[in-house]
Amino acid sequence: MNASPRVYCAGPLFNASERAEMAEIAAHLERDGFSTFLPHRDGLEFAKLKPALHARGLGEREASLVLARAVFSLDTFELLRKADAVVVNLNGRVPDEGAVVEAALAWHSGKALVLYKHDARSKLSGEDNPMVTGLGRFSVCAHIAELPAAIRAELARPRGADAAGTVALGERVAAFRAAHSDEAAIADFLIASAGRATPVSA
């Protein structure tokens, strides 16, 4: 790990207020001793590069495809190869789809991953979508000030067992569900098997 842990900041970047919020997250982490990668600041921007590609003879579709491939590749490289941790901003009516992909990449690769949301929208029975919050072990920071400690805790945690443990738990749930139709028995099994936020390793 780097002397100054590098954090990839993922989240919505499609208007000025979203970009300002992402910049605020990065600035807070930098003040706390982290280095950050902020895609709209440190990566490639469609709006700035498209005119240069057009000037070199690329049509609209070809320029868009060149930029899409480059952005996808650069951001994936920064996340998987250079970042020690990933912070995902889930604010919005629904989480930004690119940020959800980045969270899934981080989770599957065993990166330290911290979710952040102070927006009350998009709740499902008082909770966010478990396919998203599960990536952060069902823990979501509600305040920017909580992020540095949460990142340090995740960096200190042993890496690599989340995906295997989740798949193993899913396999046990599937087998039990196939053999039992009684909701009470299934509920008892779920409490015994999935009663903790962190999946049990196989």
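Taking every DSSP helix (H) stretch of at least 4 residues in the chain, weighting each as -39,500 (n - 2.57) and dividing the sum by the residue count yields a mean residue ellipticity at 222 nm of -16000 deg cm²/dmol. For a paramagnetic label modelled on ALA153 (point 7 Å from Cα along Cα→Cβ), amide N atoms under 20 Å away belong, within the stretch 13-27, to 25-26. Please give the net charge around LEU53, taking every other residue with its beta carbon less than 15 angstrom from that of LEU53, where Lys and Arg add +1 and Asp and Glu add -1. The answer is +2. For the chain, the longest principal axis of the alpha carbon atoms and the long axis of helix 183-194 meet at an angle near 60°.
Could you give the angle, 0 to 90 degrees to the nearest 10, between helix 60-77's Cα long axis and the longest principal axis of the Cα atoms of the chain? Taking the Cα atoms of the chain, the angle to 60-77 is about 50 degrees. Spacing of the modelled spin labels on ALA164 and SER4, each 7 Å from Cα toward Cβ, amounts to 3.5 nm. Taken about its Cα centre, the stretch 72-126 carries a charge dipole of about 200 debye when Lys and Arg each add +1 at the Cβ and Asp and Glu each add -1 at the Cβ. Listed by chain and number, the aspartates and glutamates whose C-alpha is less than 12 Å from the C-alpha of LYS50, apart from same-chain residues fewer than 8 away, are GLU60, GLU62. Labels on offer are (i) 1.06; (ii) 1.01; (iii) 1.04, and the one holding Rg/Rh (Cα atoms, Kirkwood Rh) computed from this structure is (iii). Computed from point charges on the beta carbon alone (+1 for Lys and Arg, -1 for Asp and Glu), the dipole magnitude for the stretch 142-192 about its Cα centre is near 280 Debye. Summing Cβ point charges (Lys, Arg +1; Asp, Glu -1) relative to the Cα centre of the chain gives a dipole of roughly 440 debye.
Principal-axis analysis of the Cα atoms of the chain puts helix 162-179 at an angle of about 40° to the longest axis. When you count the other C-beta atoms within 10 angstrom of each residue and take the mean per peptide, 94-105, 21-32, 178-189 line up highest first as 94-105, 21-32, 178-189. Find the relative contact order for the chain and round it to a whole percent, using C-alpha pairs within less than 8 Å whose residues are 6+ positions apart. Once normalised by length, the contact order is 19 percent.
Inter-label distance, ASN15 to ASP42: 2.7 nm, where each label sits 7 Å from its Cα along the C-beta direction.
Bear in mind these aren't lab numbers, they're just calculated from the coordinates by the rules spelled out. Quantities reported herein were computed from a predicted structural model and do not represent experimental measurements. Cβ coordinates were reconstructed from backbone atoms using ideal geometry, including for glycine residues, and neighbour counts include every protein chain displayed.
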